[in-house]
Amino acid sequence: MGLKNIIFVLCAFVVYAEATEIAPFVVNGTDATIEEFPFLASLRYNNSHTCGCTLVNEVWVLTAAHCVAGRISRTDLFSVHVASTILYPSNPNIVFAETIYPHKQYNASNSYINDIALIKLKEPLKIEIFDWKVKLAMKGAYYKTGTPAVLAGWGLNGTNAAIQTTLQKVDLQVYTASDCDKLHNATVHPSNICGGVEGGWKGQCSGDSGGPLLVRGVQVGIVSWSVKPCTTPPYPGVYASVAHFIDWIEETIGFNMGLNVFLSA
């Protein structure tokens, strides 16, 4: 299969809603190293970076449902680029998707509720980096507003800007779903968590979707949507809360693998 039939797993996809333009990518970040985020990968569709994603284990990748919605039948065009902070290296480590599992209750018209998906890979990953599997938040874990967090991804560094060729990171803070909902005028679900900074202009943008929001190295969120222009104050970026979906993750992987998996950290 040629490169044009490849799609990298890096979750960040630009979506448009009738009243709000959605855009997730890293704005005002700095260069990151593979040692910092060995579990982060690029999700590609037809050989174009589409979103960010994280490596759960040797054969499963976690991303946002909107990154794959409407294209599940074209699994052959999706691929994951792993073990590199450079988006388009000359010899990328590529693994193709076998099956895509978006949340069955995902609904883009309802503020992107249940914006989470799992991708099963055609073959096990072989990565020679210590501790490369992502650590996921425990079921029911609570992170109060103000908790320091980090976002990483290859997304645009500003509205109408360009995808970054080198992985970026940016320091943010967590906003609870309740506090975030007040800022977003009642469009944030209890299954969400948010990330941003007071004053805005730092956070996610197009190309970051599906990527991780991390607290002390643990993934607590999956980039879902944000108000455009990206990082406009006072609106924090919105993420699917990993702690809310742990049961769904374990059930999806367990049912399709016939085994129990320990995911939380």
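Odds and ends about this structure:
- Set of lysines near residue 202 by C-alpha distance (under 30 Å), chain-local residues within fewer than 8 positions excluded: 133, 135, 139, 144, 169, 182, 228
- Relative contact order of the chain, defined on C-alpha pairs under 8 angstrom at six or more residues apart (%): 25
- Per residue, the convex hull spanned by the alpha carbons of the stretch 72-160 comes to 208 Å³.
- Set of aspartates and glutamates with alpha-carbon distance to residue 126 below 20 Å, sequence-local pairs under 8 removed: 35, 36, 58, 98
- Here is how the number arises for the chain: DSSP H runs of 4 or more residues each give -39500 (n - 2.57), the sum is divided by the residue count, and the result at 222 nm is -2000 deg cm²/dmol.
- Dimensionless Rg ratio for the chain, taking C-alpha atoms and the 2.2 N^0.38 Å reference: 0.89
- Rounded to 10°, Cα long-axis angle of helix 246-257 versus longest principal axis of the chain: 10
- For the chain, accessible area per residue (1.4 Å probe, heavy atoms of protein chains only), Å²: 42
The values are calculated or read from the model by the stated rules, or taken from the named source; none is laboratory data. No experiment lies behind these values; they were computed from the predicted model shown. Just so you know, the surface numbers come from the protein's heavy atoms only, side chains and all, with ligands and any DNA or RNA stripped out. Shrake-Rupley method; radii C 1.70, N 1.55, O 1.52, S 1.80 Å.
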